[in-house]
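To start, the structure under review is shown below, and the notes come after it.
Readers should treat all values here as calculations from the given coordinates under stated rules, not as data from a laboratory. From a predicted model like this one, the values you see are computed outputs, not experimental measurements. Cβ atoms come from the backbone with ideal geometry, glycine included; neighbour counts cover every protein chain shown.
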């Protein structure tokens with residue numbers, strides 16, 4: 001037999017390390033190729049790391065919450081003898097008996113643990129021919145989800161597999177069981193044994209990190225929630241935030257999109273939303289005003305060559321993530337649409353790669369998606385500006401013509417530009433927002449895809 005070192009893979013040029021958040025396999029467990037072994041987290045993305053070989057996990061080199069550098073060996077996997085002995089240099093013969101003994105002991109312990117787990121498993125847990133990752137199985141066990149329930153969950157993963165996102169969405173959509181009324185002290189004294197069973201059921205409903213009472217509940221922040229909170233506080237402490245607002249008439253864009261969206265979908269297989277159009281306008285404005293495409297490092301200004309626009313996207317758990325459209329100024333509208341739709345979809349499914357949330361030079365957030373007319377977003381450090389897109393609304397407006405002014409119905413929205421007043425003065429901040437507005441209002445209604 002031979003050993004395989006499972007290392008932390010490279011996750012992008014700017015990612016040098018990650019935190020090990022959970023082990024999905026235990027020592028002695030059999031592992032198949034491409035099966036997830038452990039989970040890691042960077043400052044933006046959580047990922048599963050799969051095995052590159054078939055074998056048995058014989059050693060863990062890091063503990064949960066340890067910081068692992070890219071290229072470090074995280075686990076040792078012993079491979080089988082079927083045609084794999086030549087994949088690695090032969091080991092010394094003196095080591096083989098010792099290692100084999102260790103593996104046998106670990107497997108024996110695992111078998112005993114498995115027996116205990118089977119004996120404790122609810123009768124309705126059942127078995128299934130459908131493949132489920134260890135992570136999904138663990139979540140199902142913790143939440144008391146039977147195998148029959150698992151089989152009914154629609155999977156969005158490869159070949160219809162149930163992902164972490166799928167099972168968490170299912171859990172959140174399940175109807176919460178009714179909580180039995182808490183008896184009075186007198187009733188409790190008379191029937192103490194009867195109350196003990198309902199109390200267990202109540203405790204089972206509570207999520208980890210949640211403390212509840214009759215008047216309130218205390219919920220622990222998620223790891224990503226803590227990171228976002230710190231990032232926002234650091235940004236407010238670092239940058240002098242100033243905002244400029246401008247109203248934009250997007251009637252031409254609304255009418256043009258309504259006219260071409262069906263043909264666009266038929267030709268490209270992609271839904272044409274307003275977001276790619278706005279991103280195109282921002283990219284052109286950044287090219288016109290390159291001093292908005294900068295970052296600050298102490299007393300130094302770094303002028304970015306590439307225009308990489310971050311696109312704030314909402315996650316199912318309520319948090320936000322900012323995937324980055326690289327070299328946005330080099331994309332036509334079709335290319336921009338494909339990139340925007342792809343990043344948005346993979347953001348929702350927690351499938352972004354770490355490198356895809358790095359190296360942004362400017363950020364756009366669409367607060368209009370949630371019905372907000374405008375907002376005052378916080379700058380995504382170390383950038384110096386962020387643009388919020390408000391909701392598009394039909395409102396009465398004054399329309400100027402050569403024959404006089406009249407009132408008409410127009411589709412309008414607000415742009416809210418937050419910028420770092422340490423390095424961006426009011427003139428530049430306002431002119432940048434005006435450039436975006438001018439591009440949108442001058443939209444060619446006869447434009448072809």
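What the table shows:
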quantity	calculated
Selection within the range 362-378 - farther than 10 Å from residue 390 by Cβ, outside any loop (DSSP other than H, G, I, E, B) and in contact with a strand residue (DSSP E or B) (Cβ under 7 Å, 6 or more places away or on another chain)	362, 363, 364, 365
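Yes/no matrix, rows are residues, columns are (1) assigned to a helix (DSSP H, G or I); (2) in contact with a strand residue (DSSP E or B) (Cβ under 8 Å, 6 or more places away or on another chain):
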site	(1), (2)
410	no, yes
415	no, yes
422	no, yes
427	yes, no
434	yes, yes
437	yes, yes
446	no, no
449	no, no
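Let's see how each residue does on (1) outside any strand (DSSP E or B); (2) in contact with a helix residue (DSSP H, G or I) (Cβ under 9 Å, 6 or more places away or on another chain):
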site: 230; (1), (2): yes, no
site: 254; (1), (2): yes, no
site: 271; (1), (2): yes, yes
site: 282; (1), (2): yes, yes
site: 296; (1), (2): no, yes
site: 317; (1), (2): yes, yes
